[in-house]
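To start, the structure itself, in structure tokens.
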Amino acid sequence: PAVFFRWVLPGGRAVSFSNGRVGQPTRWPEGALDFTARMLTEGTRRHRSSDFAAALERHGATLDFDVGPDAIVISGRVLSHQLDPYLALVAEALTAPELSSKAAANLRKRYIAALTNQEQQPRQVAGRVVGRLVHGELDPYGSPGLTLESVGAIGIGDMKRALAEAFRLGGSTLVAVGDVNAADLGEKLRQVFGKHLDS
């Protein structure tokens with residue numbers, strides 16, 4: 001018995017542009033939202049660094065944050081009898097991430113290695129170029145996300161602002177399937193996330 005869910009937060013990379021308007025330069029280094037999303041599972045104020053991953057594993061759970069041009073998608077699964085502590089972990093990731101310089105430096109190294117590898121893959125390069133040509137550089141659908149040029153420019157301040165402005169639960173849509181009751185889940189979400197559901 002398990003619960004699977006996808007939680008869609010509207011906005012995505014479009015929030016990065018000046019005042020949320022397409023056609024304006026991005027307010028943060030390109031890919032700042034993508035980097036911030038990955039940092040949310042790199043530790044919280046309560047579960048530092050690898051402790052967060054260990055806590056997910058104890059609950060038989062997964063948690064992923066993906067950034068797209070017009071939405072951020074939170075997806076995961078958890079054993080149904082572990083739903084309560086799992087939701088608390090999700091809330092920690094969204095509302096109290098550690099965002100430490102050490103974790104950011106380690107993640108930056110991993111991204112640099114991955115992005116360097118992608119530069120050798122024609123399909124990856126073509127995908128980024130086509131997006132730019134079709135949609136333009138000042139459009140969220142033309143943004144490649146993180147690049148080798150931008151990954152080193154993303155600071156803790158950028159991540160904090162991106163988190164505050166783009167990772168909002170107000171107006172979001174949650175789809176859950178499995179061993180869960182809609183009314184019970186709604187009540188649990190109100191208890192765990194409270195005012196964040198309206199912001």
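The angle between the Cα long axis of helix 156-166 and the main principal axis of the chain comes to about 70°, on a 0 to 90 degree scale. Derived scalar couplings between HN and Hα for segment 124-134 equal 5, 5, 4, x, 5, 5, 4, x, 5, 5, 6 Hz in order, rounded to whole Hz, by the Karplus curve 6.51 cos²θ - 1.76 cosθ + 1.60 (θ = phi - 60°), x for Gly and Pro. The count of lysine pairs in the chain with alpha-carbon distances below 27 Å, taking only pairs 8 or more places apart or on different chains, stands at 4. The order of R27, R132, R13 by accessible area, most exposed first and with a 1.4 Å probe, is R27, R132, R13. Indicate the gyration tensor shape class of segment 41-199 (rounded, prolate or oblate), computed on the Cα atoms with a ≥ b ≥ c the square roots of the eigenvalues: a/c under 1.5 is rounded; otherwise a/b larger than b/c is prolate and the rest oblate. Cα axes put segment 41-199 in the prolate bin.
Each Lys or Arg adds one and each Asp or Glu subtracts one; over the other residues with Cβ under 10 Å from the Cβ of L197, this totals +2.
All other residues with a Cβ under 11 Å from the Cβ of T41 taken together, and with Lys, Arg as +1 and Asp, Glu as -1, what is their net charge?
Details: positive: R38; negative: E42, D64, E92, E98.
That sum, taken over residues with Cβ under 11 Å, equals -3.
Anisotropy class assigned to segment 1-115 is oblate, per the alpha carbon gyration tensor with a/c at or over the 1.5 cut-off and a/b no larger than b/c. Grab the other residues whose beta carbon is less than 9 angstrom from that of P29, score K and R as +1, D and E as -1, and report the net. Around P29, the charge tally is -3.
For segment 98-143, carbon and sulfur atoms together expose 56% of the accessible surface, with a 1.4 angstrom probe and every protein chain in place.
Which of rounded, prolate, oblate describes segment 1-56, given a ≥ b ≥ c as roots of the alpha-carbon gyration tensor eigenvalues and a/c under 1.5 marking rounded, otherwise prolate only if a/b is larger than b/c? Oblate, since a/c reaches 1.5 and b/c is not below a/b. When peptides 75-85, 30-40 are sorted by average Cβ neighbour count within 10 Å, with the highest value leading, the order is 30-40, 75-85. Dividing the summed -39500 (n - 2.57) terms of all DSSP H runs of n ≥ 4 by the residue count of the chain sets its mean residue ellipticity at 222 nm at -13500 deg cm²/dmol.
Per residue, how much accessible surface does the chain expose to a 1.4 Å probe? Answer in Å², no decimals.
Each residue of the chain exposes 52 Å² on average to a 1.4 Å probe.
Between segment 1-50 and segment 173-199, what is the separation of their alpha carbon centroids in Å? What the calculation gives is 20 Å, centre to centre.
Which residue, Q191, Q120, A153, has the largest displacement toward the positive end of the dipole of the chain when charges sit on each Cβ (Lys, Arg +1; Asp, Glu -1)? Of Q191, Q120, A153, it is A153. Placing one equal scatterer on every Cα of segment 81-171 and applying the Debye formula, the log10 ratio I(q)/I(0) at q = 0.15, 0.24 Å⁻¹ is -0.82, -1.19.
The values are calculated or read from the model by the stated rules, or taken from the named source; none is laboratory data. Just so we're clear, the structure is a prediction, and the values are computed from it rather than from any experiment. Glycine gets a Cβ as well: all are built from the backbone with ideal geometry, and neighbour counts include every protein chain shown. Side chains included, ligands, DNA and RNA excluded: accessible areas come from the protein's heavy atoms. Shrake-Rupley method; radii C 1.70, N 1.55, O 1.52, S 1.80 Å.
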